[in-house]
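Have a look at the structure below before the remarks.
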Amino acid sequence: MADQQSEVSATEIAVHWQEEEYYEAPASFVAQANLTDPTVYERFSLENFPNYYREFGEMLDWYKPWDTLLDSTNPPFWRWFVGGELNASYNCIDRHLEKNKNKTALYFVPESEHDPIEAITYQELFVRVNELAAYLRDSIGLRRGDRVTVHMPMVAELAVTMLACARLGVIHSVVFGGFSAQACADRVVDSGSTVLITMDGYWRDGKWLDHKEKADQAAALVHEAGRELEKVLIFERHPGEYRSSFSVVDGRDIVVNDVIGQYKGKRVDPERMKAEDTLFLMYTSGSTGKPKAAQHSTGGYLSYVTAMSKYILDVKPTDVYWCMADIGWITGHSFIVYGPLSLGASSIIYEGVPTYPDAGRPWRLAEQMDINIFHTSPTAIRSLRKVGPDEPAKYNYHFKLMVTVGEPIEPDVWRWYYNVVGKREAAVVDTYWQTENGGFLCSTVPALKPMKPGSAGPGVPGIHPVIYDDEGNEIPPGTGKGGNICIRNPWPGSMLGIWGDPDRYVATYYSRYCKDRNSKDWRDWPYFAGDGAMLAADGYFRILGRIDDVINVAGHRLGTKEIESATLKVSGVAEAAVVAAHDEIKGISPEIFVSLQPGVSPSDELGQQIVDSVVREIGPIARPRKVWLVPDLPKTRSGKIMRRVLASISNDSDVGDVTSLANPEIVEAIREMVQR
Ligand code: WTA
């Protein structure tokens with residue numbers, strides 16, 4: 001723990017909000033809600049574990065029912081619905097055709113308001129997914145168990161690609177479109193993909209971004225790493241027009257739009273996948289430099305996101321649902337694609353930024369499409385409030401439910417969301433969870449528990465969270481003391497493991513509070529989330545932030561080590577320390593403290609080179625707010641960089657006692673630079 005304490009953590013700079021008053025869900029919401037049975041919490045009590053999860057499995061269509069609900073004989077490698085067989089693409093598409101083939105499955109909303117919105121019915125989705133699956137199988141030779149990296153913007157073709165992979169049992173690994181070529185290449189190599197699926201370009205904030213360039217760079221980087229991208233498949237953003245200035249490389253690249261016509265009318269029987277077969281990989285930052293892939297299952301994951309979409313997001317087949325997240329993150333996988341489609345709802349994929357061409361865009365779209373469920377992050381809410389605080393009132397839309405996810409939401413921001421965006425007509429759920437979890441850990445059930453601004457709420461039905469102190473003692477409710485949030489029980493949405501690294505999976509999530517390494521009893525293996533949290537007397541959890549060296553920038557997880565290693569690539573840099581600084585819009589933004597090699601003098605150019613390197617290596621989301629070129633970094637006598645001290649300086653808070661450092665005088669020098 002000594003080590004962890006010397007790292008900066010988001011918890012340390014967390015705002016200590018007051019306890020807030022409750023808000024009741026509107027009666028109009030409760031009257032129509034999917035889950036109104038107050039006995040659900042009893043039914044989902046720990047005594048009934050794991051049997052209550054049968055209900056989740058029963059929400060899906062199975063080729064073969066499961067024999068064993070939970071196989072926990074090899075902790076912490078939990079396996080759900082063992083013996084069962086199903087296909088995710090079948091559950092998200094085919095099973096809706098009989099009754100709802102003419103209903104819209106996906107709306108694609110281009111960023112430009114001059115371009116038409118595309119409505120894709122379940123039947124049309126069925127056709128497109130089958131034709132693409134046939135192409136991927138018969139021409140590209142992809143087979144069950146192969147991995148494919150997908151680096152695409154927010155377009156319908158991305159969801160079609162994921163579902164086509166799922167139909168074949170091919171494991172998709174979607175990389176956020178805004179990530180760099182380097183990040184894409186690292187994920188290609190780690191997952192062992194030989195095929196990359198991409199797009200020529202896309203529209204963002206009114207500008208055309210040439211995306212194909214990243215594929216070329218990624219292919220070169222993969223080659224340098226001793227692997228090969230054998231095929232690069234390119235969708236055209238405007239079908240029939242190849243708009244990238246980077247040419248199609250002979251033998252490697254194929255424009256999908258040119259060849260897909262040959263598969264017209266082709267149908268592909270969905271593969272009968274085992275429940276515990278991998279559906280997809282999703283990379284996320286951890287506490288070491290290298291991003292790791294959470295490996296999600298077919299049966300457990302799909303049942304979990306289906307149940308969470310139904311009970312917490314209150315999704316019904318009649319709803320028009322807009323989640324503004326990117327499909328390249330777990331939120332988009334679970335709550336744009338798999339959850340809503342499994343329930344037969346209409347889900348919106350919006351290409352661009354929320355404030356294009358102006359801050360009224362989301363509300364105009366809500367009015368035009370009659371959206372009734374809206375899902376976004378505190379960062380987006382903060383920025384929409386800043387640039388257009390009065391915009392929502394100008395549009396005639398009515399949300400029944402609104403969601404926030406990804407970061408703690410300030411009570412003040414919450415109230416704007418509830419009063420102004422929701423017009424006091426909508427229930428709000430603050431959903432706490434992680435890439436590794438598949439779906440929600442904490443949230444209110446909207447028709448059963450009141451909302452409390454700034455608190456996610458209790459564990460969702462079936463999830464039993466607990467807060468431990470550093471010694472492993474349980475911190476009871478209502479003490480006002482923070483600790484480490486853990487989950488007592490396994491759940492079906494939990495990842496199968498870390499791709500290719502079982503030891504890291506055990507070490508990161510299960511070793512911290514494991515009571516007995518030899519135990520075969522799941523009760524001895526609480527899941528360690530890596531977040532600080534507080535539990536109020538009413539059983540609501542308030543999440544304080546990461547306790548490891550991960551920072552949460554605008555709801556995106558970044559490893560401080562990843563940013564530091566991008567900084568160290570710049571010549572002249574000796575050492576670098578990244579800290580989490582409070583930011584009005586992004587919640588947290590990285591600042592980098594850099595010491596230079598002897599003989600190198602600080603300059604604006606050098607600062608700029610560091611910014612450029614971070615953007616190039618990781619992507620614009622990691623762009624530091626500030627790079628401080630300092631004479632030296634504060635260190636302990638054993639040579640450890642004191643990031644906590646630097647974070648206090650960046651956040652204008654007390655640096656504490658620094659007299660025991662090896663170089664205490666440097667603290668004052670840096671403080672003068674930063675707080676001038
Ligand atoms: C943070 C996103 C406060 C938390 C789904 C977690 C939250 C990390 C909330 C996971 C919330 C997520 N309130 N903090 N409602 N939701 N977080 O993997 O620190 O991108 O560990 O998954 O975001 O981020 P990830």
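Selection of the range 522-551 for residues being more than 16 Å from the ligand (Cβ to nearest atom), in contact (Cβ under 8 Å) with a residue 60 or more places away in the chain and outside any loop (DSSP other than H, G, I, E, B) yields 522, 524. Scanning the range 87-119 for residues that are over 25 Å from the mean Cα position of the chain (by Cα) and surrounded by 21 or more Cβ atoms within 10 Å (Cβ to Cβ) returns a single hit, 96.
Are any of the residues in the range 578-587 of a type in the set (D, E, K, R), away from the ligand (no atom under 16 Å from the Cβ) and open to solvent by 20 Å² or more (accessible area, probe 1.4 Å)? So far as the range 578-587 goes, yes, one or more of its residues are of a type in the set (D, E, K, R), away from the ligand (no atom under 16 Å from the Cβ) and open to solvent by 20 Å² or more (accessible area, probe 1.4 Å). So is residue 131 under 30 Å from residue 276 (Cβ atoms), touching a Lys or Arg at 6+ places or on another chain (Cβ under 7 Å) and either open to solvent by less than 10 Å² (accessible area, probe 1.4 Å) or in contact (Cβ under 8 Å) with a residue 24 or more places away in the chain (or both) or not? Answer is yes for this residue.
Okay, residues lined up against (1) assigned to a helix (DSSP H, G or I); (2) open to solvent by 50 Å² or more (accessible area, probe 1.4 Å); (3) in contact with a Leu (Cβ under 8 Å, 6 or more places away or on another chain):
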position	(1), (2), (3)
254	no, no, yes
260	yes, no, yes
271	no, yes, yes
293	no, no, yes
296	no, no, yes
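Restricting the range 189-234 to residues that are in contact with a Lys or Arg (Cβ under 6 Å, 6 or more places away or on another chain) and assigned to a helix (DSSP H, G or I) leaves a set whose member that is nearest to residue 137 (Cα to Cα) is 191.
The sole residue among 595, 519, 494, 511 that is hydroxyl-bearing (Ser, Thr, Tyr), within 16 Å of the ligand (Cβ to nearest atom) and either more than 28 Å from residue 460 (Cβ to Cβ) or assigned to a loop (DSSP other than H, G, I, E, B) (or both) is 494. Answer with yes or no whether residue 357 is of a type outside the set (Phe, Trp, Tyr) and either part of a loop (DSSP other than H, G, I, E, B) or in contact with a helix residue (DSSP H, G or I) (Cβ under 6 Å, 6 or more places away or on another chain) (or both). So residue 357 fits the description; yes.
From the set of residues in the range 538-556 that are open to solvent by 20 Å² or more (accessible area, probe 1.4 Å) and at pLDDT 95 or above, which is farthest from residue 457 (Cα to Cα)? The qualifying residue farthest from residue 457 (Cα to Cα) is 538.
Could you check, for the range 509-527, whether at least one of its residues is open to solvent by 20 Å² or more (accessible area, probe 1.4 Å), within 27 Å of residue 641 (Cβ to Cβ), out of contact with any helix residue (DSSP H, G or I) (no Cβ under 7 Å at 6 or more places or on another chain) and of a type outside the set (Lys, Arg)? The answer is yes; a qualifying residue exists. The number of residues in the range 557-577 that are in a strand (DSSP E or B), within 15 Å of the ligand (Cβ to nearest atom) and surrounded by 23 or more Cβ atoms within 10 Å (Cβ to Cβ) comes to 2. Residue 499 - would you say it is open to solvent by 50 Å² or more (accessible area, probe 1.4 Å), within 16 Å of the ligand (Cβ to nearest atom) and in contact (Cβ under 8 Å) with a residue 60 or more places away in the chain? The answer is yes for residue 499. As a summary of the residue check, residue 161 satisfies the conditions (1) open to solvent by 10 Å² or more (accessible area, probe 1.4 Å); (2) out of contact with any Leu (no Cβ under 6 Å at 6 or more places or on another chain); (3) more than 19 Å from residue 241 (Cα to Cα); (4) not in a strand (DSSP E or B) except for the one numbered (1). The listed residues are 41, 63, and the only one of them that is more than 21 Å from residue 167 (Cβ to Cβ) and in contact (Cβ under 8 Å) with a residue 40 or more places away in the chain turns out to be 41. In the range 598-619, the residue that is most open to solvent (accessible area, probe 1.4 Å) out of those that are in a helix (DSSP H, G or I) and closer than 18 Å to residue 178 by Cβ is 616.
Mind telling me which of the residues 293, 215 ends up being over 25 Å from residue 110 (Cα atoms) and of a type outside the set (Phe, Trp, Tyr)?
Within the list 293, 215, the selection yields 293.
Of all the listed residues (413, 445, 405), the sole one being in contact (Cβ under 8 Å) with a residue 60 or more places away in the chain, within 14 Å of the ligand (Cβ to nearest atom) and crowded, with 19+ Cβ neighbours inside 10 Å is 405. Of note, residue 284 does not satisfy the criterion of being out of contact with any helix residue (DSSP H, G or I) (no Cβ under 9 Å at 6 or more places or on another chain) and surrounded by fewer than 24 Cβ atoms within 10 Å (Cβ to Cβ). Annotation: of all residues in the range 375-397 being part of a loop (DSSP other than H, G, I, E, B) and either open to solvent by less than 30 Å² (accessible area, probe 1.4 Å) or among the basic types (Lys, Arg) (or both), the one that is nearest to residue 333 (Cα to Cα) is 377.
The values are calculated or read from the model by the stated rules, or taken from the named source; none is laboratory data. Note that the structure is predicted; figures quoted are calculated from it, not measured. Glycine gets a Cβ as well: all are built from the backbone with ideal geometry, and neighbour counts include every protein chain shown. Ligands, DNA and RNA are stripped out before the accessible areas are found, and what is left, the full protein with its side chains, is counted by its heavy atoms. Shrake-Rupley method; radii C 1.70, N 1.55, O 1.52, S 1.80 Å.
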